[in-house]
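The values are calculated or read from the model by the stated rules, or taken from the named source; none is laboratory data. Only a predicted model underlies this, so the values are computations on that prediction, with no experimental measurement involved. All Cβ positions, even for glycine, are placed from backbone atoms using ideal geometry, and neighbour counts span all protein chains on display. Ligands, DNA and RNA are excluded from the accessible area calculation, which covers all protein heavy atoms including side chains. Shrake-Rupley method; radii C 1.70, N 1.55, O 1.52, S 1.80 Å.
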Amino acid sequence: MAPSAAPGVRRALVAGVVAALSLGIAVAGTTGADAAGSAPVASTSTAPPPGTTLGTAAARSGRYFGTAISASKLGDSAYTTIAGREFDMVTPENEMKLDATEPRQGQFVFTAADRIFDWAVQNGKRVRGHTLVWHAAEPSWLQSLTGSALRQAMIDHINGVMSHYKGKIYAWDVVNEAFSDSTGGRRDSNWQRTGDDWIEVAFRTARAADPAAKLCYNDYNIENWSWAKTQGVYNMVKDFTSRGVPIDCVGFQAHFNSLTPYSADFRTTLRNFAALGVDVQITELDIQGAPATTYANVVNDCLAVPRCNGITVWGVRDPDSWRSSDTPLLFDGNGGKKPAYTAVLDALNAAGTDPSPSPTPPVSPSPTPPAGSCTATLKAGPKWFDRYDLVVTVTGSDDWIVTMTLPYPERFISAWNAATTVNSARSVMTARPDGHGDTWGVSIRHNGNRTWPTVTCRPA
């Protein structure tokens, strides 16, 4: 949130249905098959048609386009109509913050947050959790705590909220706005006074509470690469990744206005953070006056960075914005699409259908693989509303190791006819023969994605 406004007064809107696309994927040493179960082919399927909504257009490149939503507005049919049509990711505006979810110590209340979550699920959308630890939106009982008691309260709160939503949230803003605007160092807050390691403890606690969720640090005024605050956050993330602290992503709020305008080096910032090995997300986008060119620039900055997962605007109609007088959003007060909407949709549709460059072009299956190599071929199996099966056939070696990597947020459910090991996040599987031959299978929970995994094969 930009420094000129009071924190926490944010309103928003949400959602849109994303058309999921099943693709056959072939990478070095692998081949793909189409979702209908046809014979393996050497290239991916035909690109999908242009999206007609923000969510479907973003999905063409494997990204999401979301918005914040307020539980109090779910009874507004105009609000929910736009939300249901346009967006595919939901962020509760205030309902998952600490004062809303734990108004009394140890007593958790999820009524409003669950209302948003249930609406999102019923409308085929994923949810970003916002936010677990923040110096604002603190209940009075917490403000009276200090030292080890406050530190334990933080740990208990993270565990309490994340256990309620375990396995259901795409990404959590674990810590929000912990850095100072003026110095680039840590903000002087009650959390900071418990010790300099408090952010690390929060992330380690969150990872243990829900290993499947992306864990993000979220802040405002970190879009300009030259600013001290940006460098402060960058150095923290660099330190965390070097020491194995479990941070998966950085959220850039992107509240652009005359005081903190959009900078042309935003793309440089995104790329530099992504180079640390974390994903980047634009989490609370609004732009004063909603200039179409600037909105398109921000979208193109995300599209230019393979690890930019997606974009969330902080509201839908201008009156729903926490900065309504700035008219900063994509829809006007009547729900009409502004020129910025068209610019964003066009930019999303102009992007390719692969959010990351392929290091090696697909190769055609060879009847006789070269000596010392093997090939893993995927074929579609049965499909259900929440999962799908794939059949894997290995040729070229009798003793092989296949590594299968799922796109987020897909997760492995089970495998058969192979000896398999799955990592703790359930996104990478290693398989070896177990006496059932060279054909085996996996069952995958798609969680709204349905994009096939990538596979590599090597002789054991």
Exercise for the section: Give the share of C-alpha pairs in each 10 angstrom bin for the stretch 78-237, from 0 to the last occupied bin, in whole percents, shortest bins first. Expected result: 10, 38, 34, 16, 2
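Tell me, what % of the accessible area of the stretch 375-459 is carbon and sulfur with a 1.4 angstrom probe?
Carbon and sulfur: 51 percent of the exposed surface of the stretch 375-459.
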Problem - Reachable lysines from Lys166, criterion Cα separation under 26 angstrom, eight or more residues apart if same chain - result: Lys73, Lys97, Lys125, Lys214, Lys383
Practice task
Looking at the stretch 70-201, send over the antiparallel percent of its DSSP beta bridges, to the nearest 5.
Solution key: 20 percent
Fill in the blank from the handout: Whole-Hz Karplus couplings 3J(HN,Hα) for the stretch 312-319, θ = phi - 60° and coefficients 6.51, -1.76, 1.60, Gly and Pro as x, run 10, 8, 8, x, 10, 7, 3, x
Problem - Accessible area (Å², per residue) of the stretch 375-459, counting only protein heavy atoms and a probe of 1.4 Å - result: 45 Å²
Problem - Loop-resident sites, the stretch 106-185, for trypsin sites (Lys or Arg not before Pro), counting at most 14 other Cβ within 10 Å (DSSP) - result: Lys166
Handout entry: Å² of accessible area per residue within the stretch 77-137, as computed with a 1.4 Å probe and no ligands counted
Key = 35 Å²
Completion exercise
Whole-percent carbon and sulfur contribution to the accessible surface of the stretch 204-268 (1.4 Å, no ligands, DNA or RNA) stands at 53 percent
Problem - Accessible area expressed per residue, the stretch 158-314, with surrounding protein chains retained (probe 1.4 Å, Å²) - result: 31 Å²
Exercise for the section: Work out, step by step, the length gained on full extension between Ala350 and Arg115: first 0.36 nm times the residue separation, then minus their alpha carbon distance; give nm to one decimal. Expected result: 81.1 nm
